[in-house]
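Participant: I have a structure here, written as structure tokens, and I will follow up with some questions on it.
The values are calculated or read from the model by the stated rules, or taken from the named source; none is laboratory data. Quick caveat: nothing in here was measured; it's all calculated off a predicted structure. Quick reminder, even Gly has a Cβ in these numbers, built from the backbone with ideal geometry, and neighbours come from all protein chains shown. These area figures cover heavy atoms from the full protein model, side chains too; ligands, DNA and RNA do not enter into them. Shrake-Rupley method; radii C 1.70, N 1.55, O 1.52, S 1.80 Å.
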Number of protein chains: 4
Amino acid sequence: MSKKIRLGILGGGGDSLIGVLHRIASSMYDSYQLVGGVFNPNYDDNIGFAEQIGIPTNRIYKDFDVFIEEELKLPEDERIQVVSILTPNFLHFPMAKKLLESGFNVICEKPMTTTFEEAQVLQETLEKANTIFAVTYTYTGYPMVRQMKEMISTGVIGKVQKIDVQYYQGWINPIIHDKEKRASTWRLDPEKSGISCCVGDIGTHGFDMIEYVTGMEVKTILADLNYLYADNKMDIDGTILLRFAENVKGVLRTSQIATGEENNFTVKIYGDKGGLKWEQENPNYLHHLTEDEPLKVLKPGHAYNSAFSLDGTKLPPGHPEGIFDSMGNIYKGVAKAIRKEKYHPGEFPTMKDGVRGMNFIERAVASHQQGNVWVEVK
Amino acid sequence: MSKKIRLGILGGGGDSLIGVLHRIASSMYDSYQLVGGVFNPNYDDNIGFAEQIGIPTNRIYKDFDVFIEEELKLPEDERIQVVSILTPNFLHFPMAKKLLESGFNVICEKPMTTTFEEAQVLQETLEKANTIFAVTYTYTGYPMVRQMKEMISTGVIGKVQKIDVQYYQGWINPIIHDKEKRASTWRLDPEKSGISCCVGDIGTHGFDMIEYVTGMEVKTILADLNYLYADNKMDIDGTILLRFAENVKGVLRTSQIATGEENNFTVKIYGDKGGLKWEQENPNYLHHLTEDEPLKVLKPGHAYNSAFSLDGTKLPPGHPEGIFDSMGNIYKGVAKAIRKEKYHPGEFPTMKDGVRGMNFIERAVASHQQGNVWVEVK
Amino acid sequence: MSKKIRLGILGGGGDSLIGVLHRIASSMYDSYQLVGGVFNPNYDDNIGFAEQIGIPTNRIYKDFDVFIEEELKLPEDERIQVVSILTPNFLHFPMAKKLLESGFNVICEKPMTTTFEEAQVLQETLEKANTIFAVTYTYTGYPMVRQMKEMISTGVIGKVQKIDVQYYQGWINPIIHDKEKRASTWRLDPEKSGISCCVGDIGTHGFDMIEYVTGMEVKTILADLNYLYADNKMDIDGTILLRFAENVKGVLRTSQIATGEENNFTVKIYGDKGGLKWEQENPNYLHHLTEDEPLKVLKPGHAYNSAFSLDGTKLPPGHPEGIFDSMGNIYKGVAKAIRKEKYHPGEFPTMKDGVRGMNFIERAVASHQQGNVWVEVK
Amino acid sequence: MSKKIRLGILGGGGDSLIGVLHRIASSMYDSYQLVGGVFNPNYDDNIGFAEQIGIPTNRIYKDFDVFIEEELKLPEDERIQVVSILTPNFLHFPMAKKLLESGFNVICEKPMTTTFEEAQVLQETLEKANTIFAVTYTYTGYPMVRQMKEMISTGVIGKVQKIDVQYYQGWINPIIHDKEKRASTWRLDPEKSGISCCVGDIGTHGFDMIEYVTGMEVKTILADLNYLYADNKMDIDGTILLRFAENVKGVLRTSQIATGEENNFTVKIYGDKGGLKWEQENPNYLHHLTEDEPLKVLKPGHAYNSAFSLDGTKLPPGHPEGIFDSMGNIYKGVAKAIRKEKYHPGEFPTMKDGVRGMNFIERAVASHQQGNVWVEVK
């Protein structure tokens, strides 16, 4: 009998890209076996998709309720152990809640919920459950992000004094200037996407990354968002001033109208002993700046990296790994947790990341709507 | 019943990195299921490894002969359909030969054989068999390599007039200068590694890449290899002059004593209408030079790329993919061939690549030993 | 008799780097001859410096007043035609004012004055004079900055919708954390340096660059500055939100505690048809992003550049020019103006740049001190 | 009286770019004053050019013979001290010879002569004269090239074991494929340009650079040149194998048909302790590779650089200098030598560089013509 962790997936069927990402990530370290789920709302599509990806259809369920009901009937050592939620955003909360209440481990796509209130409820639910919960801030799985986190925590750049994170895309540019398109895009519809587009979708990655690599908490923020047109209800660009502890300041810049940008997520952290810079589109390079020495460029897989970073690299230096490998590392961490093996704090983003991310989104919008004023983040 | 292709693997057990690469690559497009093989020479290790990676042990065989014997007893629709050969180099030939003779499709690691003679025998074997054979020149699977191939074949850079390929590593530097280490490293032992170290291991990737992207054949070569020490019998560095059709010249530079280099494989092709440059360590950037226009930098996933390139990208622009994804694309091509679906010439390297690669190695060494003279490549 | 423009210099003696920069810049296009000035406050040093740099000492004056007095005695066709002011900041205003009133053309280092009020007075002075006045925002002279300006003005990136400028240095880091050093550095002393350190010194370059390349005016700003220590009276870091016309927003980030950064001045302008990115430390590359085409990288000297850009390049493509050449282009523009030749608006920064720069500094500090609120820039 | 060195220039008039380069370079360190010369063959143009660049016409001579004659009549402390030869190549030798024989210091553009024989004669001439002679291999003046030289000589990368230099341009591509153009271009006419186009013009820069930075001598070479068309008599591309001391090998690649390349001159030197890489188009970055540490990127002006490197940088880190500054450093070195100040070996390329360069060109062509065989370089 396989020792692989039994994985179920909700959503991710059809030509879903997020489905591809999670299936590949789950297979990377020989740890998971996808055994069932609900990939599509339509049952025929659901079965068809299972056949297409070559998995048995006996545990492909009609819907989420049946999934829960039937899996719970199975003996524990056959039951799905962890469920990945890749459904539309508004379903994340109810599904995650019920799964946790039913004793399943959960890997949840971001945004974890649609409101901060839901996030808090989910947090309470998790506290009562005795299970693992991860939210997939995918970019934290990169080896050089992990190395950055380790270098900061061990004092390599000293006391952090300046933080600058950018997440620029340009994809909404051809939509936003067309009145019809902007009225009909689900991402710009508050009913479907919550209160924020740009901050919610990518700004939150930046926020999480800052707290992830520095280990510090954002205390207050001041947001200036841009909606570009009066009839557009969702931010598509924003600059957010950040304050941490006293006199530690930062800025988070995020945009979906940075025309021509693909997925330009960059992180710069400066301390009193040096600086670190990283770019998601070139994830295998970590720039370490100091005052007196040449710029150092760290790359994955070298012995000079921390054990935590090295644990996320599969091949020797010079064999570039990418976004799938980053998500694979998060799945690897969850597998360790499920198997009760020792794992590094930071191997996967947790409920706290999800809760703070939701609060950040709501507070950023509030700051903007109140006239670009300082507001607290909880 | 799963529609996945039944995959067997020979070798790749223990902490083999090439095993990790092939298992992940095979899982990327939901096309393969690893059902059995011989991972380790020792049977207990073999079983233990199967359990570790979570696959059933009923088709884990004692050795290669048993593998063949037992699998052939199975009905065709249960039998392993394709076998990946990841064993030490000297086993590639006998295993591949027997597999082809027994009707299996084969994915073979490089070097395909240890001699050109073996390669020719294998080619004849394949001609009699009616199966698929791929040799894993992994780097040809990158989307931007495919794009380069397509741009050259459609005339974007005109008639090719200058070729320059580099494959520099530094890993042998700490070994070669230590008399004991260089005497005891298997890679420098002709008994174990054939007649060449550097040309055989990485130079051949460069040679294959040139012919892959240009569609041209190298006619003659002149090699100047470096052994560095009189007691070292294997080249660890070399520059090889190349001639194609009349007045089309090139150079292939390869080294394992380029101290500090990781896996610096770069390709530059210049035609009378422009040039193309690509680097393996930054595989998601293709530089297109022309005389009158700004440098253009192509990236994967954009609609301006060819369909062949786009078929090898799983996520939108800005989500970097890497070496695992490149190998995944080769497996994807083999899957199409096995399923008799339409595929692009170039989706996976073939027997011809393997045969020419072996000839290239032997001729390069011959050219050097004869005093750096021009020799033909068949 | 030489047709060169007779140049005088105030300041820049001893081991002044800014003196080197101006002397070289003035010599680049065979247009100027340095004939006199006051390089040092001490007369002996002054004469000694003149001898050291190999110019006649007959027009090296005791002080500024003597300079004016004696030069005015000379016939107009022997008199110094243009004076470069490189003295400590607080002298810029009185010297420039008197020079303009006395009919001299002036090239003034930045900051043009120490207060906005002075700047306005100087502007009025210039309006009455009939002379040329340039303020050396040196970075505007780079060929690719000029190309950026031209591309924006001709609509290549469409309507500007997002602006992001960064000017990061780290030089003050080793000073700011040392109580004694920060108390004794002139740059942190309001008596000597005015009301701002970081915004005044480098933020203003960013501000000018934005208005220079876009041709747009910043309307309102909201600044969050950082002083890091309670006993430090001068900003050494800041993020400044910018608003232009309705819904056109931007951000200016500036720091002198970005440890390890040298002179990292980068400009990103996004319009509804594309984006442009430029970095001062790599000044010969201009990145042009669009939605549907590969990234284009423009370089100086190519025929695809505008005439204005090409006028600032002296050698064919591939021969890198730098900061001296950039300043040389500004001097070239001033020479054209003095000689009443036709020149391009933008060949040198003008009084308006200087005045707005001073206002920007004062308003940024005001915004911060008032609690990070929106204030107007005149 | 000015202490500046009295400089004369031969050639470089009209719209000569090399003239601009030398005039600016000579003015960079306040060391030279251009006092006369022969800029153009036509006397009126000559005078007109002097007026255009604003220098007195009293020492603008009718021709080279008059130049010598008249200058020798002047007392030594008024006479031109150093003469820069920027004329067409075939005039370099006779002019340099006569200048040396007449006691002038000489700065000579490359190629120093048209044949190795001439070069040897010139060398003998210099030995009898007691003057300074420099040949302008301009690229050796870059601060990071100097740093590379210093790091190698002090053993930072250990014993050099692998050398790879590239000099790729594409400018001849639009000429070479047009029968008429290639017949009428002076650079492809052996009567006007000597026996080699590509090797002579740019390959020789690569050759000199290798010997400059490593301090080693090339012993033998094997060249494979490309002429592309039977009616073309001059090489326009070539790969040249290099041998230094035993088992130290290298390759020099040079092309003018690398379509789209501007001036892509790159240097890679690997030793048994590390490697160094530098690119002329990005001259302010020196990459230092080692086995166990992150890549280090050195930049000019930092205290970690050698004194020799720092002497060639005028501004603090982050203020990019370029090709004019590189040539300026060579002029600075010559000035020190003329003034009998202490200078660093390597501040300017010498007769030996010129002589070996000429021999290299002739031997490369000979190697090719003899069928790509090894030949000695003297």
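A quick yes/no check of all residues on (1) within 14 Å of another protein chain (Cβ to nearest Cβ); (2) over 16 Å from B:Ile202 (Cα atoms); (3) in contact (Cβ under 8 Å) with a residue 12 or more places away in the chain; (4) acidic (Asp, Glu):
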site: B:Phe104; (1), (2), (3), (4): no, yes, yes, no
site: B:Glu117; (1), (2), (3), (4): no, yes, no, yes
site: B:Tyr142; (1), (2), (3), (4): yes, yes, yes, no
site: B:Val145; (1), (2), (3), (4): yes, yes, yes, no
site: B:Ser153; (1), (2), (3), (4): no, yes, yes, no
site: B:Val156; (1), (2), (3), (4): yes, yes, yes, no
site: B:Gln161; (1), (2), (3), (4): yes, yes, yes, no
site: B:Glu180; (1), (2), (3), (4): no, yes, no, yes
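Participant: Still on this structure, please answer the following. Of all residues in the stretch D:9-20, count the ones that are more than 9 Å from chain C (Cβ to nearest Cβ), open to solvent by 10 Å² or more (accessible area, probe 1.4 Å) and among the aliphatic types (A, V, I, L, M).
Facilitator: Final tally of qualifying residues: 1.
Participant: I'd like to know if the stretch D:32-39 contains one or more residues that are within 11 Å of another protein chain (Cβ to nearest Cβ) and buried (at least 22 other Cβ atoms within 10 Å of the Cβ). Working first, answer last.
Facilitator: First, the residues of the stretch D:32-39 that are within 11 Å of another protein chain (Cβ to nearest Cβ): D:32-34.
Those still in the list that are buried (at least 22 other Cβ atoms within 10 Å of the Cβ) too: D:32, D:34.
Yes, the conditions are met somewhere in the stretch D:32-39.
Participant: Of the conditions (1) free of Cβ contacts under 8 Å to residues at least 60 places away in the same chain; (2) in a helix (DSSP H, G or I); (3) open to solvent by less than 20 Å² (accessible area, probe 1.4 Å), B:Gly48 clears all except one; give me its number.
Facilitator: Result: B:Gly48 passes all but (3).
Participant: When only residues in the stretch B:218-251 that are more than 15 Å from B:Val199 (Cβ to Cβ) and polar (S, T, N, Q) count, which is nearest to the chain's Cα centre (by Cα)?
Facilitator: It comes out as B:Thr220.
Matching residues to (1) in a helix (DSSP H, G or I); (2) without any contact (Cβ under 8 Å) to a residue 60 or more places away in the chain; (3) within 14 Å of chain C (Cβ to nearest Cβ):
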{"site": "A:Trp171", "(1), (2), (3)": "no, no, yes"}
{"site": "A:Ala183", "(1), (2), (3)": "yes, yes, no"}
{"site": "A:Ile195", "(1), (2), (3)": "no, no, no"}
{"site": "A:Phe207", "(1), (2), (3)": "yes, no, no"}
{"site": "A:Tyr212", "(1), (2), (3)": "yes, no, no"}
{"site": "A:Ile221", "(1), (2), (3)": "no, no, yes"}
{"site": "A:Asp235", "(1), (2), (3)": "no, no, yes"}
{"site": "A:Gly238", "(1), (2), (3)": "no, no, yes"}
{"site": "A:Glu261", "(1), (2), (3)": "no, no, yes"}
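Participant: Between B:Leu315, B:Leu310, B:Leu295, which is within 14 Å of chain D (Cβ to nearest Cβ) and modelled with pLDDT of 95 or more?
Facilitator: Numbers: B:Leu315 fails: within 14 Å of chain D (Cβ to nearest Cβ); B:Leu310 fails: within 14 Å of chain D (Cβ to nearest Cβ).
Just a single option satisfies the conditions, and that option is B:Leu295.
Conditions tested, residue by residue: (1) out of contact with any Asp or Glu (no Cβ under 8 Å at 6 or more places or on another chain); (2) under 23 Å from A:His205 (Cβ atoms).
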{"residue": "A:Leu298", "(1), (2)": "yes, yes"}
{"residue": "A:Ser306", "(1), (2)": "no, yes"}
{"residue": "A:Thr313", "(1), (2)": "no, yes"}
{"residue": "A:Gly322", "(1), (2)": "no, yes"}
{"residue": "A:Asp325", "(1), (2)": "yes, yes"}
{"residue": "A:Lys342", "(1), (2)": "yes, no"}
{"residue": "A:Pro345", "(1), (2)": "yes, yes"}
{"residue": "A:Asn359", "(1), (2)": "yes, yes"}
{"residue": "A:Glu362", "(1), (2)": "yes, yes"}
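Participant: Further question on the same structure: When you go through C:Asn173, C:Asn264, C:Asn226 one by one, which is the residue that is of a type in the set (S, T, N, Q) and either more than 30 Å from C:Gly322 (Cβ to Cβ) or in contact with a Cys (Cβ under 8 Å, 6 or more places away or on another chain) (or both)? Reasoning before the result, please.
Facilitator: Working: C:Asn173 fails: either more than 30 Å from C:Gly322 (Cβ to Cβ) or in contact with a Cys (Cβ under 8 Å, 6 or more places away or on another chain) (or both); C:Asn264 fails: either more than 30 Å from C:Gly322 (Cβ to Cβ) or in contact with a Cys (Cβ under 8 Å, 6 or more places away or on another chain) (or both).
Among C:Asn173, C:Asn264, C:Asn226, only C:Asn226 is of a type in the set (S, T, N, Q) and either more than 30 Å from C:Gly322 (Cβ to Cβ) or in contact with a Cys (Cβ under 8 Å, 6 or more places away or on another chain) (or both).
Participant: Could you check the stretch A:127-155 and list, in sequence order, the residues that are open to solvent by less than 20 Å² (accessible area, probe 1.4 Å), polar (S, T, N, Q) and not in a helix (DSSP H, G or I)?
Facilitator: Answer for the stretch A:127-155, where residues must be open to solvent by less than 20 Å² (accessible area, probe 1.4 Å), polar (S, T, N, Q) and not in a helix (DSSP H, G or I): just A:Thr136.
Participant: Related question: Show me the strands (runs of 3 or more DSSP E) found entirely inside the stretch C:271-340 where at least 1 residues are among the aromatic types (Phe, Trp, Tyr) and under 21 Å from the mean Cα position of the chain (by Cα). Quick ask: steps written out before the conclusion?
Facilitator: Numbers: elements: C:274-279, C:286-289, C:295-298.
Where strands (runs of 3 or more DSSP E) fall fully within the stretch C:271-340 and carry at least 1 residues being among the aromatic types (Phe, Trp, Tyr) and under 21 Å from the mean Cα position of the chain (by Cα), they are C:274-279.
Participant: Also: Out of the stretch C:367-378, which residues are touching a residue at least 12 places away in the same chain (Cβ under 8 Å) and surrounded by fewer than 24 Cβ atoms within 10 Å (Cβ to Cβ)? Break it down stepwise before answering.
Facilitator: Filtering the stretch C:367-378 down to residues touching a residue at least 12 places away in the same chain (Cβ under 8 Å) leaves C:367-368, C:372-378.
Hits for the stretch C:367-378 are C:His368, C:Asn372, C:Val373, C:Trp374, C:Val375, C:Glu376, C:Val377, C:Lys378.
Here's the yes/no breakdown for (1) out of contact with any Gly (no Cβ under 8 Å at 6 or more places or on another chain); (2) touching a residue at least 60 places away in the same chain (Cβ under 8 Å); (3) closer than 17 Å to D:Thr136 by Cα:
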site	(1), (2), (3)
D:Thr57	yes, no, no
D:Ile60	no, no, no
D:Leu74	yes, no, no
D:Val82	no, yes, yes
D:Leu91	no, yes, yes
D:Ala96	yes, no, yes
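Participant: In addition: Select, from D:Glu191, D:Glu109, D:Glu180, D:Glu124, the only residue that is surrounded by fewer than 21 Cβ atoms within 10 Å (Cβ to Cβ) and not assigned by TED's automatic domain parsing to the domain that holds D:Asp237.
Facilitator: Working: D:Glu191 fails: not assigned by TED's automatic domain parsing to the domain that holds D:Asp237; D:Glu109 fails: surrounded by fewer than 21 Cβ atoms within 10 Å (Cβ to Cβ); D:Glu180 fails: not assigned by TED's automatic domain parsing to the domain that holds D:Asp237.
Just a single option satisfies the conditions, and that option is D:Glu124.
Participant: Being over 30 Å from B:Ala183 (Cα atoms) and either open to solvent by 10 Å² or more (accessible area, probe 1.4 Å) or outside the structural domain of B:Phe244 (by TED's automatic domain parsing) (or both) is the filter here, so list the residues in the stretch B:207-233 that pass it.
Facilitator: B:Glu211, B:Tyr212, B:Thr214, B:Gly215, B:Met216, B:Glu217, B:Lys219, B:Thr220
Participant: For the stretch B:263-284, which residues satisfy the criterion of being open to solvent by 10 Å² or more (accessible area, probe 1.4 Å), touching a helix residue (DSSP H, G or I) at 6+ places or on another chain (Cβ under 7 Å) and either without any contact (Cβ under 8 Å) to a residue 40 or more places away in the chain or more than 7 Å from chain D (Cβ to nearest Cβ) (or both)?
Facilitator: First pass over the stretch B:263-284, keeping only residues open to solvent by 10 Å² or more (accessible area, probe 1.4 Å): B:264, B:266, B:268, B:272-273, B:277, B:279, B:281-282, B:284.
Okay, now just the ones that are also touching a helix residue (DSSP H, G or I) at 6+ places or on another chain (Cβ under 7 Å), so B:272, B:284.
Residue satisfying the conditions is B:Asn284 alone.
Participant: Take the conditions touching a Lys or Arg at 6+ places or on another chain (Cβ under 6 Å) and open to solvent by 10 Å² or more (accessible area, probe 1.4 Å) and apply them to A:Pro345. Does it pass?
Facilitator: no
Participant: Does the stretch B:302-317 include one or more residues that are over 26 Å from B:Asn173 (Cα atoms), open to solvent by 40 Å² or more (accessible area, probe 1.4 Å) and among the small types (Gly, Ala, Ser)?
Facilitator: Step one: of the stretch B:302-317, the residues over 26 Å from B:Asn173 (Cα atoms) are B:302-317.
Going one step further and asking which of them are open to solvent by 40 Å² or more (accessible area, probe 1.4 Å), we end up with B:303-304, B:307, B:310-311, B:316.
Right, trim to among the small types (Gly, Ala, Ser) and you get B:303, B:307.
Looking for residues that are over 26 Å from B:Asn173 (Cα atoms), open to solvent by 40 Å² or more (accessible area, probe 1.4 Å) and among the small types (Gly, Ala, Ser), one finds at least one in the stretch B:302-317, hence yes.
Participant: If I ask for residues that are part of a helix (DSSP H, G or I) and under 28 Å from the mean Cα position of the chain (by Cα), which ones from the stretch B:69-80 would you list? Lay out the reasoning, then the answer.
Facilitator: Step one: of the stretch B:69-80, the residues part of a helix (DSSP H, G or I) are B:69-73.
Listed by number, the list holds a single entry, B:Glu71.
Participant: Taking only the stretch B:88-126 into account, find how many residues are in a loop (DSSP other than H, G, I, E, B) and under 23 Å from B:Lys378 (Cβ atoms).
Facilitator: Pass one, the stretch B:88-126, residues in a loop (DSSP other than H, G, I, E, B): B:88, B:102-104, B:109-115.
With under 23 Å from B:Lys378 (Cβ atoms) added as a condition, the list becomes B:109-115.
Going through the stretch B:88-126 one residue at a time, the tally reaches 7.
Participant: Same structure, new question: Residue check, D:Gly158 against (1) closer than 17 Å to D:Asp208 by Cβ; (2) small (Gly, Ala, Ser); (3) not in a helix (DSSP H, G or I), all met but one. Which one?
Facilitator: (1)
Participant: Kindly indicate which of A:Arg59, A:Arg6, A:Arg23 is among the basic types (Lys, Arg) and facing chain B (nearest Cβ under 9 Å).
Facilitator: Of the residues listed, the single one that is among the basic types (Lys, Arg) and facing chain B (nearest Cβ under 9 Å) is A:Arg23.
Participant: Next question. Of all residues in the stretch C:185-212, count the ones that are touching an Asp or Glu at 6+ places or on another chain (Cβ under 8 Å) and acidic (Asp, Glu).
Facilitator: Number satisfying all stated conditions: 2.
Participant: Any idea which residue in the stretch D:240-259 is most open to solvent (accessible area, probe 1.4 Å), counting only those that are part of a loop (DSSP other than H, G, I, E, B) and within 7 Å of another protein chain (Cβ to nearest Cβ)?
Facilitator: Applying the filter and picking the extreme gives D:Asn247.
Participant: Next up: Among D:Val66, D:Val20, D:Val35, which is under 21 Å from the mean Cα position of the chain (by Cα) and not assigned by TED's automatic domain parsing to the domain that holds D:Asp201?
Facilitator: Values: D:Val66 fails: under 21 Å from the mean Cα position of the chain (by Cα); D:Val35 fails: under 21 Å from the mean Cα position of the chain (by Cα).
After ruling out the rest, the residue left standing is D:Val20.
Participant: Let me ask you something else. Which of the numbered conditions does C:Pro320 fail, given that it passes all the others? Conditions: (1) under 29 Å from C:Ala223 (Cα atoms); (2) open to solvent by less than 20 Å² (accessible area, probe 1.4 Å); (3) away from chain A (no Cβ under 14 Å).
Facilitator: So C:Pro320 meets the others, but not (1).
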